[in-house]
Amino acid sequence: MRRDDVVIRIGEPGDIFYVVLEGELEVWDASQPPRQTGSLRRGDYFGEMALLQGGKRTATVTVARRAHLLAIDKPAFDHLFLKNPKAIEHFARVLSKRLAGVTRGERIQRATTTISVAASPGLKGKTLVAGALAAILKHLTVTEVITSRSGRRRGA
């Protein structure tokens, strides 16, 4: 990809996970005018938030310096990562750090942020991931974090 190419755009459906193999990319938010919130280099990745949450892109990523990317579609992403509890824990930590950065920057504008941890029925480790996510968020944001559990419990 060449300089100034748009890789993903805010609001588009998120169906691909990217790994930066070479080059440099810039991450932009939705403010007017857009504000650069980060940069990505070799070994970094992006696009997992929309795949994990089943939603739309939350940032725009553009090429700052010629880049080569590895693109992984949703079925391959699910197969490679969502069946691996350690990968899920890793993504929870990354999402927590990203969210903490956003939360610190928007603390005055936003009183409450809600995060949901969901998984396919029968997937083990949901409570562990949710607990780790809550602890990391509390540590990074220095704010109160409340957790709740819904759904049926075994034996109940």
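The values are calculated or read from the model by the stated rules, or taken from the named source; none is laboratory data. Please read these numbers as outputs of a predicted model, since none were measured by experiment. Don't worry about glycine lacking a Cβ; one is built from the backbone with ideal geometry, like all the others, and counts go over all protein chains shown. What goes into the accessible areas is simple: the full protein's heavy atoms, side chains included, and nothing from ligands, DNA or RNA. Shrake-Rupley method; radii C 1.70, N 1.55, O 1.52, S 1.80 Å.
Quick check on region 55-75: of everything there that is over 12 Å from Tyr18 (Cα atoms) and either assigned to a strand (DSSP E or B) or free of Cβ contacts under 8 Å to residues at least 24 places away in the same chain (or both), which residue is least open to solvent (accessible area, probe 1.4 Å)? Please lay out each step first, then the result.
Filtering region 55-75 down to residues over 12 Å from Tyr18 (Cα atoms) leaves 55-60, 62-66, 75.
Right, trim to either assigned to a strand (DSSP E or B) or free of Cβ contacts under 8 Å to residues at least 24 places away in the same chain (or both) and you get 56, 60, 62-66, 75.
Numbers: Lys56: 124, Thr60: 23, Thr62: 22, Val63: 1, Ala64: 17, Arg65: 137, Arg66: 133, Pro75: 93 Å².
If we take residues in region 55-75 being over 12 Å from Tyr18 (Cα atoms) and either assigned to a strand (DSSP E or B) or free of Cβ contacts under 8 Å to residues at least 24 places away in the same chain (or both), then Val63 is least open to solvent (accessible area, probe 1.4 Å).
Quick check on my filter: what residues within region 35-54 are among the aromatic types (Phe, Trp, Tyr) and open to solvent by 60 Å² or more (accessible area, probe 1.4 Å)?
Our first condition is that a residue be among the aromatic types (Phe, Trp, Tyr); within region 35-54, this holds for 45-46.
Correct list: empty.
Inspect region 3-12 for any residue being open to solvent by 60 Å² or more (accessible area, probe 1.4 Å), in a helix (DSSP H, G or I) and out of contact with any His (no Cβ under 8 Å at 6 or more places or on another chain) and give the result as yes or no.
no
Of the residues Gly43, Gly38, only one is in contact with a strand residue (DSSP E or B) (Cβ under 9 Å, 6 or more places away or on another chain) and in a strand (DSSP E or B); which? Even if it seems obvious, please write down each step before you answer.
Working: Gly43 fails: in a strand (DSSP E or B).
Answer to the selection: Gly38.
Condition first: outside any helix (DSSP H, G or I) and either touching a helix residue (DSSP H, G or I) at 6+ places or on another chain (Cβ under 6 Å) or modelled with pLDDT of 90 or more (or both). Can you find one or more residues in region 90-108 that meet it? Spell out how you get there, then give the answer.
Here is the first cut: in region 90-108, the ones outside any helix (DSSP H, G or I) are 107-108.
This time we only want the ones that are either touching a helix residue (DSSP H, G or I) at 6+ places or on another chain (Cβ under 6 Å) or modelled with pLDDT of 90 or more (or both), so: none.
Checked against the condition, which is being outside any helix (DSSP H, G or I) and either touching a helix residue (DSSP H, G or I) at 6+ places or on another chain (Cβ under 6 Å) or modelled with pLDDT of 90 or more (or both), region 90-108 yields no hits at all.
Quick one: is Thr58 modelled with pLDDT of 70 or more and polar (S, T, N, Q)?
Values: modelled with pLDDT of 70 or more: yes; polar (S, T, N, Q): yes.
Yes, satisfied.
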